[in-house]
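The values are calculated or read from the model by the stated rules, or taken from the named source; none is laboratory data. Since the structure is predicted, the reported quantities are computational estimates derived from the model, not experimental observations. Virtual Cβ from ideal backbone geometry, glycine too; neighbours counted across all protein chains shown. To get the accessible areas, we keep the full protein, side chains included, count just its heavy atoms, and leave off ligands, DNA and RNA. Shrake-Rupley method; radii C 1.70, N 1.55, O 1.52, S 1.80 Å.
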Amino acid sequence: GIGADNDLYINQAIVFIEDAIQYRSINHRVDSKSLWLYRWYYSRTCQWILSLTITTILALAFIEKPSSLTITSDIRYRLPAWNPPCGLTESVELLCFFVFMVDVSVKSYLIGWEEFWKNKWLIAYILTLIVSLTDWIVSLSLFCTEDVRIRRILRPFFLLQNSSMMKKTLKSINSTLPEMASVVLLLAVHLSLFTMFAMLLFARTKDGQQDKEWVGYFRNLPDSLTSLLVLLTTANNPDVMIPAYSKNRAYSIFFILFTVLGNLFLMNLLTAIIYNQFRGYLLKSVQSSLFRRRLGIRAAFEVLSCLKETPTYAQQSAVSIGALLRVLQKVEMDSRCKQAIMRSLKMCSCDQLSAAQFQKLFEELDKEAIKQHPPSPEYQSHFMRKMQFAFGHAYFGYLGNVVALANIVSICVVLVMDADKQPSERDDFFLGAINCFFILYYLLEMLLKILAMGLRRYLSYPSNRFDGLLTVILLVLEIATFAVYGFPHPGWRPEFMGLLSLWDMVRLVNMLIVFRFLRIIPNMKFMALVVTTLLDLVKNLRAFAGILVVVFYAFAITGIMLFKGAIVPMGNIRFFLLLLFQTCFYIKNNVVLSYKKKSDFMALLGHFEAVVIDCLRYLLSVNLICRWAKVYFVAWWLISSVIWVNLFVALLLENFIHKWDRRCHREPLSDIEYQRTVELMFRDVLEEPTEEELMEKLHQHPHLQLCR
């Protein structure tokens, strides 16, 4: 009947608007049952369960054999790790697989059979589940004694496929790979040529005393390649050239040329190419997100225009305000946006909305929220108004920063003066007195600000909440100190009882006052520009961080399987530990030692150290395993340190240049202070889709039949 049709159109409009809010595709089933299932699947509860399942299956690696559940990572002191019995973690894993099977089944049903075969991610999802379940069955049949577990390497895929932004970022990276490959090939040619030159220059001679360079770095082709590859990262500079330089200073020209050409030119050229290519692809993906939002809103308009309550004499499609209000009441969206749209509807004098008016209403979704602070109290007394003006002024805040600076300087002076004194020789009277003075000032400052601004307005500022919390903590600690040790006096010496003693806690919390200086950043334009860029990156880098977690996890699990039992000390553990200590000072978290002990968490730590290249030369020089281990570590270095770090630099440059250009056009800094998403970062250069493009896409919808 007409009522059932109208209810269907209303529900379709609700789902399409929610799709637009979340940048989701609208190419899914739109019948009543499917719409109910769709909203249930994307509800907070279901998505929370899915996220918890992904977190659980990834965290299993820290519990499974080899377990990382030890207090210390030092193999000399830690007790044997608890390894769960066979079937315990496998049961949890099976439960996670069940959730994933439900997830992929619902997704496949909702998009339809035709769309399913076009979706490569869903097909890969199903294949991953099949391989994982097969490997799970094999594990149980072997009573969990197998060393190679393929499903553990595949687990990060579940995290990857659940994030649309991570998939877009991965697609952008994949599109950039051909350009990166050309520079990497040039780097390989550069490395090969200089390797051959090095083997000729530092060939073995009759005098064994003069062959230190050959013995240490250029004995054969693999060692020569390894030495120069590590030199490309500057990790073994200048160690690699010291023997040759000691023999003849002219040999330094070879190493200088190699470093300048490889590190300064080719590596920076790689950064430039990645920035240029990745910027275009990321912009393209953000443009597609904008198109999805506009398409979802237009789809909602088209289905609402099919309502039977629409006047028949209307020459063009229109939507009644009443129908839109019914939809807005059921749509799950930010309350600020919903209220803004409803206010605009109430101010509208017409009863019908055209497509352009409908689309303009929902442009509120593109705006970033700016927090409104509560008003200050209004005092009747002239004296109180003067007090309010004085203590609510910015200069009063500057005075607080100056006092905090004096506090920090005084503490530092006392610490420097007492650094060489024995605890029995120290007199803490001066430090106790100044602590008491500064804490009283902070308390007075907090009370005066509350008086001037009102409690609600005072608490609406994060800096005030931080200051107030510190002041309360300092006050409580100071009162407790006085209760235990009495008031400061000459010869006053509170006992030192470790880091958590009352006296040490007072000094440590006092040092946190230095963060008060962060409040001056908005008043310094260039510093504010840098800080807002960093704040934007915190949110924009979630997709990058997720992909890095995927790579970390996969390489760590692979390393555990490849290097299991590769190093067996056999009674010579003291020599082995001494060797590691001398090479990198990393007994506790050396990568190879981590793989020997098969600890997943230690393997992750080892990879992190390789990213910062502090110890890459030692990782590559470990021949105790096999020479092919170098391939593994070089692959990790290329993916994490070369490709991912350059992608990070590209995003940082794009964000900073965008803000710098706006600053040069003298736009107020406050306009960009709240842009915290990738979409808003590119908002100025995005193109709005035309009506023809939107309608063409809607007519291609596999499940939606339009009225016109």
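Laid out as a table, the results:
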quantity: Number of the condition not met by Leu88 [criteria: (1) open to solvent by 40 Å² or more (accessible area, probe 1.4 Å); (2) of a type in the set (A, V, I, L, M); (3) touching a helix residue (DSSP H, G or I) at 6+ places or on another chain (Cβ under 9 Å)]; calculated: (3)
quantity: For Ala181: the one exception among (1) among the aliphatic types (A, V, I, L, M); (2) closer than 30 Å to Val286 by Cβ; (3) in contact with a Cys (Cβ under 9 Å, 6 or more places away or on another chain); calculated: (3)
quantity: Among residues of the range 228-260, those that are exposed (fewer than 15 other Cβ atoms within 10 Å of the Cβ) and closer than 14 Å to Phe194 by Cα, counted; calculated: 5
quantity: Every residue from the range 461-487 that is touching a Lys or Arg at 6+ places or on another chain (Cβ under 9 Å) and among the aliphatic types (A, V, I, L, M); calculated: Leu470
quantity: Residue, nearest to Ile54 (Cα to Cα), within the range 97-138, restricted to residues that are touching a residue at least 60 places away in the same chain (Cβ under 8 Å) and of a type in the set (A, V, I, L, M, F, W, C); calculated: Val106
quantity: Evaluation of Ala235 against (1) in contact with a Lys or Arg (Cβ under 7 Å, 6 or more places away or on another chain); (2) at pLDDT 80 or above (one fails), failing number; calculated: (2)
quantity: Leu142 open to solvent by 60 Å² or more (accessible area, probe 1.4 Å), modelled with pLDDT of 85 or more and more than 23 Å from Phe552 (Cα to Cα); calculated: yes
quantity: Residue that is farthest from Phe358 (Cα to Cα) [pool: residues in the range 1-24 that are touching a residue at least 60 places away in the same chain (Cβ under 8 Å) and open to solvent by 50 Å² or more (accessible area, probe 1.4 Å)]; calculated: Ile2
quantity: Filtered residue count, the range 35-69, keeping only those that are over 27 Å from the mean Cα position of the chain (by Cα), open to solvent by less than 70 Å² (accessible area, probe 1.4 Å) and more than 27 Å from Asn11 (Cα to Cα); calculated: 1
quantity: Test: residue in the range 273-283 that is loosely packed, with under 15 Cβ neighbours inside 10 Å and β-branched (Val, Ile, Thr); calculated: no
quantity: Leu110 being touching a Lys or Arg at 6+ places or on another chain (Cβ under 8 Å), under 16 Å from Leu159 (Cα atoms) and in a helix (DSSP H, G or I); calculated: no
quantity: The range 626-658, subset open to solvent by 40 Å² or more (accessible area, probe 1.4 Å) and over 23 Å from Leu170 (Cβ atoms), residue modelled with the highest pLDDT; calculated: Val631
quantity: Members of the range 174-200 found to be touching a residue at least 12 places away in the same chain (Cβ under 8 Å) and open to solvent by 80 Å² or more (accessible area, probe 1.4 Å), listed by number; calculated: Leu186, Phe197
quantity: Selection within the range 417-448 - open to solvent by 70 Å² or more (accessible area, probe 1.4 Å) and outside any helix (DSSP H, G or I); calculated: Asp420, Lys421, Gln422, Asp427
quantity: Residue check for Asp103: under 23 Å from Ile126 (Cβ atoms), assigned to a helix (DSSP H, G or I) and acidic (Asp, Glu); calculated: yes
quantity: Qualifying residue in the range 271-282 (condition: more than 30 Å from Lys167 (Cβ to Cβ) and modelled with pLDDT of 80 or more); calculated: no
quantity: Qualifying position, being aliphatic (A, V, I, L, M), over 41 Å from the mean Cα position of the chain (by Cα) and part of a helix (DSSP H, G or I), among Val215, Val183, Val189, Val230; calculated: Val215
quantity: Subset of the range 284-330 [among the β-branched types (Val, Ile, Thr), crowded, with 19+ Cβ neighbours inside 10 Å and either more than 30 Å from Glu179 (Cβ to Cβ) or at pLDDT 85 or above (or both)]; calculated: Ile297, Val303, Val319, Val327
quantity: Identity of the residue in the range 331-362, acidic (Asp, Glu) and closer than 20 Å to Val15 by Cβ, that ends up surrounded by the fewest Cβ atoms within 10 Å (Cβ to Cβ); calculated: Asp334
quantity: Complete set of residues in the range 372-414 that are of a type in the set (Phe, Trp, Tyr), open to solvent by less than 80 Å² (accessible area, probe 1.4 Å) and within 42 Å of the chain's Cα centre (by Cα); calculated: Phe391, Phe396
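To keep it simple, each residue is scored yes or no on (1) modelled with pLDDT of 85 or more; (2) within 33 Å of the chain's Cα centre (by Cα); (3) surrounded by 15 or more Cβ atoms within 10 Å (Cβ to Cβ).
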position: Ile450; (1), (2), (3): yes, no, yes
position: Tyr461; (1), (2), (3): no, yes, yes
position: Asn464; (1), (2), (3): no, yes, yes
position: Leu475; (1), (2), (3): no, no, yes
position: Ile479; (1), (2), (3): no, no, no
position: Phe487; (1), (2), (3): no, no, no
position: Asn510; (1), (2), (3): no, yes, yes
